[in-house]
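Let me begin by presenting the structure, written as structure tokens, before commenting on it.
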Amino acid sequence: MTLAEQVVIVKDGDISEYQPKRRSWPWAVAALLLALLFLAQSAYFFRVELAARLPGLKPVLAGYCRILKCTVPLPQKTDLIGIESSEIEADPKHENQINLNALLRNRAPFAQAFPSLELTLNDSQDKLLARRVFSPADYLPPQENVAAGILPNHELNLRLHLYTDDLRPVGYRLVLFYPGT
């Protein structure tokens, strides 16, 4: 028997008999579950940005975080918050005391966490005399709510009275930052 004699010709109508049944619904369910998992993971990792840009989602994200034991903190974007002006002046009423005046501005369209401030006092050769970090609790007036953060497009005037012993600072640097970032 030749090869040509061994080949069986199948008509188009009979093809369905030789194909296995396709089950596509398990793949559709798996794809849907993976898409939901992707959305949940994205909401977790981008929860701060989502809450800042879409404030209506913050309660939903907070509920989601209660389940996952996480928090939805305020954003900490140092490029959108800055020191507009600052000055140090000697206190005429008290010897060895200086007053630090500063103006912080949040340029973001959303509320941000209050930053920490680092004050460095220098001598006439620009050498370090003293350095201190002020947390928001150290510099905020009593009427400010730390948990609410600095409001969008808002300014905050600061005034700190600092005892300098006999340091006699000539210059200073004031820097804002967020610890741990």
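Rule-based calculations on the coordinates, nothing more; no lab input. Note that this is a predicted model, so its numbers are computed, not measured. Virtual Cβ from ideal backbone geometry, glycine too; neighbours counted across all protein chains shown.
Couple of notes before you dig in:
- Assigned charges on the beta-carbon of Lys, Arg, Asp, Glu; the chain dipole about Cα centre (debye): 700
- Positive-end extreme of charge dipole, segment 51-141 - chosen from Leu117, Thr71, Ile98 (charges on Cβ): Thr71
- On Cα atoms only, tilt of 25-45 relative to the major axis of the chain in degrees: 0
- Helix-only [θ]222 nm of the chain, DSSP H runs n ≥ 4, -39500 (n - 2.57) each, per residue, nearest 500: -7500 deg cm²/dmol
- Distance in nm between pseudo-label sites at Leu167 and Asn96 (7 Å out along the Cβ direction from Cα): 1.3
- Point-to-point label distance, Thr71-Ala130, nm (Cα→Cβ direction, 7 Å offset): 3.0
- Student exercise, segment 74-181 dipole from Lys, Arg, Asp, Glu Cβ charges, in Debye to nearest 20: 300
- Taking the inverse of the mean reciprocal distance over all distinct Cα pairs, the Kirkwood hydrodynamic radius of segment 70-181 comes to 15.0 Å.
- Antiparallel bridge percentage (DSSP; both residues within the chain; nearest 5): 100
- Lys, Arg +1 and Asp, Glu -1 on Cβ, resulting dipole of segment 119-169 about Cα centre, debye, nearest 20: 60
- For the chain, the relative contact order is 20 percent, taking Cα pairs closer than 8 Å that sit 6 or more residues apart in sequence and dividing their mean separation by the residue count.
- Net +/- balance of residues flanking Leu156 in space, Cβ distance below 12 Å, scoring K and R +1, D and E -1: -1
- log₁₀ of I(q)/I(0) at q = 0.20 Å⁻¹ - segment 120-180, Debye sum with one point per alpha carbon: -0.91
- Between 0 and 90 degrees, the angle of helix 58-68 with respect to the longest Cα principal axis of the chain falls at about 70 degrees.
- Chain lengthening between Lys58 and Trp25 when straightened (0.36 nm per residue, less Cα-Cα): 8.4 nm
- Stretchable slack from Ser85 to Phe38, in nm (0.36 nm times residue separation minus alpha-carbon distance): 12.5 nm
- Placing unit charges on each Cβ (+1 for Lys and Arg, -1 for Asp and Glu) gives the chain a dipole about its Cα centre, and among Ala137, Val48, Ala31 the Cα reaching farthest toward its positive end belongs to Ala31.
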